[in-house]
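Any read-out appearing in this document is the output of simple, stated calculations on the displayed coordinates, not a laboratory observation. All of these numbers come straight from a predicted model, not from anything done at the bench. Cβ atoms come from the backbone with ideal geometry, glycine included; neighbour counts cover every protein chain shown.
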Amino acid sequence: MDVLIDARVAEDISRRVIVDAKFRKRKIDIKDIESFEGMMKDCRAQRGILVCANGFTHAALRRAQKAITISLVPAEAIESLDIESWYPCLGKCAMENRGRTAGWVLYDRPLGLVQRDSPLTILAIGKCDGCNDFHVWCWDCGAHFALRGEEAEHACSCRRLWLTERVDEGFDERGNHLESIRLLLVVPVDATPLEHETATESPLIFAPVEVDRRPLN
Ligand SMILES: [Zn+2]
Ligand SMILES: [Zn+2]
């Protein structure tokens, strides 16, 4: 472990975060995630950030996404990492009025989105450490919201549409049925008109992009 931080998220609430930035020449694999999880338990850390200098395997990502509280961060993203950026849950915990036991969201990694003919958009995504609901913070309009549950939909003031959906991911090599909930952002993509004579301008086709996911098993 490299860094242990006790972040104060509110008056009398804090979260312990550990950051592991050991340099590995190979990709982070599922065993690294499991041993990191063990280390988080030993340190009683609620949140872990594993810096991956040489990427990670798909299984490792899946395992980290399942843990909810582990983030895999590429070495070059380290500078934009803000582990003080905690916000109270706006999802299930807030609805249930959990008070002091409500979860918190760490917006640990901003996400840049490039769209043709529009400026770069920065969005931040996080998950509540209490109820696991996805949270979005749109830096363009400043909207902050949760997408509750498996079939949620929300448009922010810049009219970007966000969705959650439950997906069947088939079976793994051991025959276990895999399912997850995906967070999707619907963005316009350019399309070529079929009838050049009649089309005055290119129609826009909207396509969903996966920005996060959490496995259910
Ligand atoms: Zn919550
Ligand atoms: Zn917005």
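Straight-line reach from K92: taking Cα to Cα under 20 Å and skipping same-chain neighbours fewer than 8 places apart, the lysines in range are K66, K127. Largest mean-square fluctuation among L106, L120, L147, in a Gaussian network model of the chain whose springs join Cα atoms under 10 Å apart, belongs to L120. Residues W139, W162, arranged from fewest to most other Cβ atoms within 10 angstrom of their Cβ, appear as W139, W162.
Relative contact order of the range 22-98: 31 percent, from C-alpha pairs under 8 Å at least 6 residues apart in sequence. Each principal axis of the Cα cloud of the range 65-106 was evaluated for its coordinate range; sorted largest first, these ranges are 38, 22, 13 Å. Kirkwood hydrodynamic radius computed over the chain comes to 18.9 Å, based on all pairs of distinct alpha carbons. An ellipsoid equivalent to the range 1-69, defined through the eigenvalues of its Cα gyration tensor, has semi-axes of 23, 13, 10 Å when rounded to whole angstrom and sorted largest first.
Ranking I68, F56, V105 by how far each Cα lies toward the positive end of the dipole of the range 52-109 (charges on Cβ) leaves I68 at the top. Relative contact order of the chain, taken over Cα pairs closer than 8 Å and 6 or more residues apart, is 12 percent. Taking the chain as a Gaussian network of alpha-carbon nodes connected by springs under 10 Å, the highest mean-square fluctuation of the residues R62, R15, R159 belongs to R159.
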